[in-house]
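The values are calculated or read from the model by the stated rules, or taken from the named source; none is laboratory data. Fair warning: this is a prediction, and the values are worked out from it, not measured in the lab. Positions of Cβ are backbone-derived with ideal geometry, glycine not excepted, and every protein chain shown enters the neighbour counts.
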Amino acid sequence: MPGPVKTEGVVPRSLRFGEADRILHLYTPQRGKVGAIAKGVRRTRSRFGGRLEPFFRLSLVLHEGRGELLTVTAAETIAGHPRLREDAGALDTAARACDAVGRLFDTEEPHPEVYNLLCNELALLEARPAGGGRPNQLAFRIKLLTAAGLAPQLAACASCGEREDLVGFSGAAGGVVCAACQAGSFPLSAEAHDFLVHALGRPLAQAPDAGERALGQAERAISETLEHHAGIRLRRAAAG
């Protein structure tokens, strides 16, 4: 029903609208992805100040009317991530993380675990910008796959269940495959396999490291899983 809505939210993106307004893309724990308009926010004396910028985590009061967009009536900063904005690499990683969430969870269905994961990623980038390298980005993405119910099979062959001689990965099959089932797969090294297993099992702040070849294979595994089972293609993880 129309009326006030109190929620937390992260601002993945904002767009100028009219002379003084902004359209906000918000990701929230209880309402998923929503759109809102912040009226007069670009005026010098706006009561919102600079709070409604990308990557801010906010406590919001929104008014829900009859239109598609909610209206921002109050906003308080929970985390503004100022250090993140001083590092171009971390800023780019934050944008890629928000883009991945927006593409994979492009609905109003609530996924509080995804919201918490995104908040953790932004906080990690704020605390240590250099921690936003390729291993971190891939660990974040494989955790998104899990939240979407698309976690790849890593413990046994996704085709026959064999637990030994796992030599490839098949996006169509949904995980690692053994030598007997490897037709149509691509080679997956033991290092890449270990990276995927540990990235899935460890907290995001403890993302494992791996060589560039293994990381490339891990990224391909994540990408092919997304393309085959969700029809989504993400931007490549940034090097570094």
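State all residues of segment 183-200 that are assigned to a helix (DSSP H, G or I), small (Gly, Ala, Ser) and either surrounded by 13 or more Cβ atoms within 10 Å (Cβ to Cβ) or in contact with a Pro (Cβ under 7 Å, 6 or more places away or on another chain) (or both); if no residue qualifies, say none. If you could, list the steps in order and put the result at the bottom.
Here is the first cut: in segment 183-200, the ones assigned to a helix (DSSP H, G or I) are 190-200.
Checking which are small (Gly, Ala, Ser) leaves us with 190, 192, 199.
Of everything in segment 183-200, those that are assigned to a helix (DSSP H, G or I), small (Gly, Ala, Ser) and either surrounded by 13 or more Cβ atoms within 10 Å (Cβ to Cβ) or in contact with a Pro (Cβ under 7 Å, 6 or more places away or on another chain) (or both) turn out to be ALA192, ALA199.
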_If a residue counts only when it is more than 14 Å from THR73 (Cβ to Cβ) and among the charged types (D, E, K, R), which strands (runs of 3 or more DSSP E) contained entirely in segment 1-43 have at least 3 such residues?_
3-17
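Could we say that ARG96 is basic (Lys, Arg) and either modelled with pLDDT of 95 or more or part of a loop (DSSP other than H, G, I, E, B) (or both) here? Working first, answer last.
On the way: basic (Lys, Arg): yes; either modelled with pLDDT of 95 or more or part of a loop (DSSP other than H, G, I, E, B) (or both): no.
No.
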*Working only within segment 114-135, note down all residues that are surrounded by fewer than 18 Cβ atoms within 10 Å (Cβ to Cβ), within 26 Å of LEU69 (Cβ to Cβ) and not hydrophobic (A, V, I, L, M, F, W, C).*
ASN116
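Does LEU138 fit the bill of being more than 29 Å from PHE169 (Cβ to Cβ), at pLDDT 95 or above and surrounded by 22 or more Cβ atoms within 10 Å (Cβ to Cβ)? If you could, list the steps in order and put the result at the bottom.
Numbers: more than 29 Å from PHE169 (Cβ to Cβ): no; at pLDDT 95 or above: yes; surrounded by 22 or more Cβ atoms within 10 Å (Cβ to Cβ): yes.
Considered against the rule, which asks whether it is more than 29 Å from PHE169 (Cβ to Cβ), at pLDDT 95 or above and surrounded by 22 or more Cβ atoms within 10 Å (Cβ to Cβ), LEU138 comes out as no.
Among the residues of segment 154-174, write down those that are buried (at least 18 other Cβ atoms within 10 Å of the Cβ) and at negative phi.
Filtering segment 154-174 for residues buried (at least 18 other Cβ atoms within 10 Å of the Cβ) gives 154, 157-159, 166-171, 173-174.
Listed by number, the residues that qualify are LEU154, CYS157, ALA158, SER159, LEU166, VAL167, GLY168, PHE169, SER170, GLY171, ALA173.
This table checks each residue for (1) closer than 24 Å to GLN30 by Cα; (2) assigned by TED's automatic domain parsing to the domain that holds VAL11; (3) not in a loop (DSSP other than H, G, I, E, B).
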residue: GLY102; (1), (2), (3): yes, no, yes
residue: ILE142; (1), (2), (3): yes, no, yes
residue: LEU150; (1), (2), (3): yes, no, no
residue: SER159; (1), (2), (3): no, no, no
residue: GLY168; (1), (2), (3): no, no, yes
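Out of LEU91, LEU58, LEU26, LEU52, report the one residue that is crowded, with 20+ Cβ neighbours inside 10 Å, closer than 30 Å to LEU204 by Cα, at pLDDT below 95 and within 24 Å of the chain's Cα centre (by Cα).
Within the list LEU91, LEU58, LEU26, LEU52, the selection yields LEU52.
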